[in-house]
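The values are calculated or read from the model by the stated rules, or taken from the named source; none is laboratory data. Note that this is a predicted model, so its numbers are computed, not measured. No Cβ is skipped: glycine too gets one built from the backbone with ideal geometry, and neighbour counts run over all protein chains shown.
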Amino acid sequence: MSEPRKICCYGYVNRSYASVRDVLHQRPLELLQQATTSAAARANSLAASLRLGVAGLEIGVGVHIDVRAVREEEGVAGMSPVTRVVLGWEAASGSSLFPIMSAQLSAWPLMASETQLELEGSYSPPLGALGTAIDAAVGHRIAEASVHRLLDDVIEQLRRDLPQPG
């Protein structure tokens, strides 16, 4: 079995940390499901453009997301507090053909009205040596694009859900 592939991306939302933290504590699954719906639709269009490169295999798929924990870490020695959502997702169907992602969504304040978000995760390609070869060729690019798009969609969802700073 190959080493897990790591993916990390970050972005910023022009909303207060307190309001972002509240959403992550009160309704993380709802936020992520709304974002994954959009991310899955975009991943399917990305997969369609790469379909020739993988001999017609279907690579875009709907996902089931699982929030495993939400925890608050107090800032120490002048550092900012951090809210962490431990999560994972897997394909809704044909899950043995797609990697299972384990990830952590972290949020911390930058300024009074700006919060940084980071999505860090890992996955192992399925299907043994064949899956590792597919991942090396195109799979990792699709996984990275999907994770980046998911984070972008989480940010956009937060912008829709939370009032504009005044």
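Assorted remarks:
- Verdict on Thr115 being modelled with pLDDT of 95 or more, touching an Asp or Glu at 6+ places or on another chain (Cβ under 6 Å) and within 13 Å of Ser19 (Cα to Cα): no
- Those residues of region 109-157 which are among the small types (Gly, Ala, Ser) and either surrounded by 15 or more Cβ atoms within 10 Å (Cβ to Cβ) or touching a Ser or Thr at 6+ places or on another chain (Cβ under 8 Å) (or both), in sequence order: Ala112, Ser113, Gly121, Ser122, Ser124, Gly131, Gly139, Ala143, Ala145, Ser146
- Criterion (in contact with a Gly (Cβ under 9 Å, 6 or more places away or on another chain) and under 15 Å from Thr36 (Cβ atoms)) met by exactly one of Leu97, Leu158, Leu87, Leu150: Leu87
- When we screen Ala69, Ala39, Ala18, Ala43 for residues that are surrounded by fewer than 17 Cβ atoms within 10 Å (Cβ to Cβ) and either modelled with pLDDT under 90 or in a helix (DSSP H, G or I) (or both), the only hit is Ala18.
The rows are residues; the columns are (1) more than 13 Å from Tyr17 (Cα to Cα); (2) at pLDDT below 85.
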{"residue": "Pro81", "(1), (2)": "no, no"}
{"residue": "Gly94", "(1), (2)": "yes, yes"}
{"residue": "Gln104", "(1), (2)": "yes, no"}
{"residue": "Met111", "(1), (2)": "no, no"}
{"residue": "Glu120", "(1), (2)": "yes, no"}
